[in-house]
Amino acid sequence: MEFEDILNSGKPSFNLEDPEKPENTFDDALDLGKEKIKALKEVIVEIKILIKEREGLSKILSKDVEKIKLDIGNFLLTTEAVDADGFRERNGLRQKQIEMSELQLNERIGCWRDVAQLKKELRELQQELNEKEERMNVLGKILEE
């Protein structure tokens, strides 16, 4: 029966040719640490992009809703109701303006929540990155000695 190291995806953690020499060296661990740091930096960049995109999307939606509300308001100003159907139509359009304002408000709140969650995740990842970089610096200093 062959013992396997789970962290090495099924590879033995020892060298079968020379049992005194471990297969995984300190350099391998440093390379793995550097790869993790690189991956964290990439995720941080992606989250920053997601934050900007979410804020941009919210601005676009807000502008679109504002334009629709303005169009409804202009229509109401340029037309007059002459009968009961006209009054119902105008009241329906006013109700749509209110609904659009609610949609706009909900979008602002949703954007704030999404951005707050992304920023929380970003802070956690930046803290993890700082810790890993500090450990790598300490290991580098130890190796130089």
If we keep only residues of region 73-101 that are in a loop (DSSP other than H, G, I, E, B) and either in contact with a strand residue (DSSP E or B) (Cβ under 9 Å, 6 or more places away or on another chain) or surrounded by 12 or more Cβ atoms within 10 Å (Cβ to Cβ) (or both), then the residue modelled with the lowest pLDDT is Ala81
Flagged in region 102-145 as surrounded by fewer than 13 Cβ atoms within 10 Å (Cβ to Cβ) and either of a type in the set (Asp, Glu) or not in a helix (DSSP H, G or I) (or both), in numbering order, are Glu102, Glu124, Glu131, Glu134, Glu144, Glu145
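The values are calculated or read from the model by the stated rules, or taken from the named source; none is laboratory data. All figures in this text were calculated on a predicted structure; none of them were measured in a lab. Quick reminder, even Gly has a Cβ in these numbers, built from the backbone with ideal geometry, and neighbours come from all protein chains shown.
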